[in-house]
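One structure is given below, encoded as structure tokens.
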Amino acid sequence: MSLQMITVGHNIALIQPGFSLMNFDGQVFFFGQKGWPKRSCPTGVFHFDIKQNHLKLKPAVFSKDSCYLPPLHYPATCSYKDSLESEKHQYIIHGGKTPNNELSDKIYIMSVACKNNKKVTFRCTEKDLVGDVPEARYGHSIDVVYSRGKSMGVLFGGRSYMPSTQRTTEKWNSVTDCLPHVFLVDFEFGCATSYILPELQDGLSFHVSIARNDTIYILGGHSLANNIRPANLYRIRVDLPLGSPAVNCTVLPGGISVSSAILTQTNNDEFVIVGGYQLENQKRMVCNVVSLGNDTIEISEMETPDWTPDIKHSKIWFGSSMGNGTVFLGIPGDNKQAMSEAFYFYMLKCSEDDVSEEQKIFTSSQTSTEDPGDSTPFEDSEEFCFSAEATSFDGDDEFDTYNEDDEDDESVTGYWITCCPTCDVDINTWVPFYSTELNKPAMIYCSHGDGHWVHAQCMDLAERTLIHLSEGSNKYYCNEHVQIARALQTPKRSLSLQKPPMKSLHKKGSGKVLTPAKKSFLRRLFD
């Protein structure tokens, strides 16, 4: 095993605990930047390019028909194919935290729309679920199993906020273990079904999961309710006949006590577990080899790398698998120095052997840390997950350069979105429409339902009206919902006073004629 330090370009501030890595055809992509995406990278997805131990993050783009994907920290991700023989490679993203510290319950499917000269354009679609929809969570795992020519997603574990009826001001952000239910998700039809297995009694999060054909192995994890890391080793098998799926769980011996470990694959049937925690404030410095057979799993210790003093003394660490037995690690910088970096990064190579691209095993794992901006000690409530399978990659300089200056403003939400069916704001051709716009389109927040943002330009607002709305404190609504709930009422229409025609000044049938003095008086009155 070899350990090398990695230098990062000027966009190092984007790499924060909670990111994920995805691999498409040998190219690794970074997802989960801090804060909301900016104009310089509206998608929040970056090409993860390492050359000669130097890392560059280069912005990626989405297709026009993509949905808006918020930057999610600690989501569950896994690679997905329609079948083991399929060549179409996609990624499933579920759950996670937004920069506003809200939990997501959405499922996104990421795929490649086109690829030209190593520049990838992604397509992101949101999958609606019906049935037993899993609640919003983070720190969980999602894997894909294959049985009888069919595939199914398996979601397990994680943490969620306390129910709204139990949340108080002091404990508003307190989290609790999700129920230990196993969810089967049919990505084709959007159906979710929950299963209660007697072997799974306690909620778990930040465990390691390995999926192989129709079987998933669950290792380790942390129980928030009991504050323990039991030496768990579960085997969950899913059978997909023509009728209802069959799910069974078996408790196996030989488990390990660890949470938030990083899993990397060294060959078709062998994995390495790196990092993690064995106690609340104690890192687990031991590495393990996991060997899989047709119906067996073996876990044994292996030689540890020569950890640097910085890594040994650091209380927290985080990272993800880059594939080919390589792990990307990060530790907090030395806050005692005025010019110290926020994080230092390393690349750990567990094996020099290449992993076959035709491998039929997909992995997902979790790693953890707290928010280093709050305090130094590690807290399990801030553990989060990673999932990645990556091979070596050759980037080039065709990608645009990320402008880190845009990261100064964290108050805005996703203004580079398709805000309404008639939205024509293109991130590639946008030019200021109002004189008040500087580097982004003006947005109007529609208060209907849960609320959403709409471009002021798409609402056909006059600039005077836009300024008026921004200065006021009233709620307002977009064109689609203004008829449903209108808060800004325009003044009621009043009929203007019209001048009566001169001939009507005659009294009909009276035979009397107005004198010139009376006519002059009436003219002054109506004028």
For this session: Provide the FRET efficiency to the nearest 0.05 for the Ser435-Glu126 pair, computing r from the beta carbons and using R0 = 25 Å.
Result: 0.10
For this session: Return the subset of Lys56/Lys97; Lys88/Lys150; Lys283/Lys312; Lys106/Lys475; Lys56/Lys119 for which the Cα-Cα distance in this structure is over 19 Å, preserving the input order.
Result: Lys56/Lys97; Lys106/Lys475
Exercise. Which of the peptides 19-31, 238-250, 274-286 is most tightly packed, and how do the rest follow, going by the mean number of other Cβ atoms within 10 Å of each residue?
Worked result: 19-31, 274-286, 238-250
Exercise. Between Thr176 and Ser2, what is the label-to-label distance in nm when each label sits 7 Å out along the Cα-to-Cβ direction?
Worked result: 5.1 nm
Problem set entry | Rounded if a/c under 1.5, otherwise prolate or oblate - the stretch 2-349, Cα gyration tensor axes | rounded
Seminar exercise, completed: the stretch 2-349: relative contact order from alpha carbon pairs under 8 Å, six or more residues apart, as a whole percent, is 11 percent
Problem set entry | Within the stretch 140-192, trypsin sites (Lys or Arg not before Pro) in DSSP loop having at most 14 other beta-carbon neighbours inside 10 Å | Arg148, Arg167, Lys171
Problem set entry | For peptides 55-64, 299-308, sequence by mean Cβ density within 10 Å, most packed first | 55-64, 299-308
Seminar exercise, completed: Residue by residue through the stretch 190-204, the couplings from Karplus 6.51 cos²θ - 1.76 cosθ + 1.60 with θ = phi - 60°, in Hz, x for Gly and Pro, are x, 9, 10, 10, 9, 10, 9, 10, x, 6, 9, 9, 10, x, 10
Problem set entry | Residue-normalised accessible area of the stretch 2-349, expressed per residue, 1.4 Å probe, Å² | 40 Å²
For this session: Name the shape class, rounded, prolate or oblate, that the alpha-carbon gyration tensor gives for the stretch 172-301, where a ≥ b ≥ c are the square roots of its eigenvalues, rounded holds for a/c under 1.5, and otherwise prolate holds if a/b is larger than b/c and oblate otherwise.
Result: oblate
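Quick check: at a probe of 1.4 Å, how many percent of the accessible area of the stretch 2-349 sits on carbon and sulfur atoms?
The nonpolar share, carbon plus sulfur, comes to 48 percent.
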Exercise. Pulled fully out, how much extra length does the chain show between His313 and Cys67, if you take 0.36 nm times their separation in residues and subtract their Cα-Cα distance?
Worked result: 84.3 nm
For this session: Name the long-range amide H neighbours of His452: under 5 Å, sequence gap of 5 or more, or other chain; modelled H, no Pro or chain starts.
Result: Cys446
Seminar exercise, completed: Of all chymotrypsin sites (Phe, Trp or Tyr not before Pro) in the stretch 168-234, the ones in DSSP coil with at most 14 other Cβ atoms within 10 Å are Trp172, Phe189
For this session: Just subtract the alpha-carbon distance of Gln278 and Ala13 from 0.36 nm times their residue separation and send over the number in nm, one decimal.
Result: 92.5 nm
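The values are calculated or read from the model by the stated rules, or taken from the named source; none is laboratory data. Keep in mind that this is a model prediction, so the values were computed, not measured. Quick reminder, even Gly has a Cβ in these numbers, built from the backbone with ideal geometry, and neighbours come from all protein chains shown. These accessible areas exclude ligands, DNA and RNA; they are computed on the full protein's heavy atoms, side chains included. Shrake-Rupley method; radii C 1.70, N 1.55, O 1.52, S 1.80 Å.
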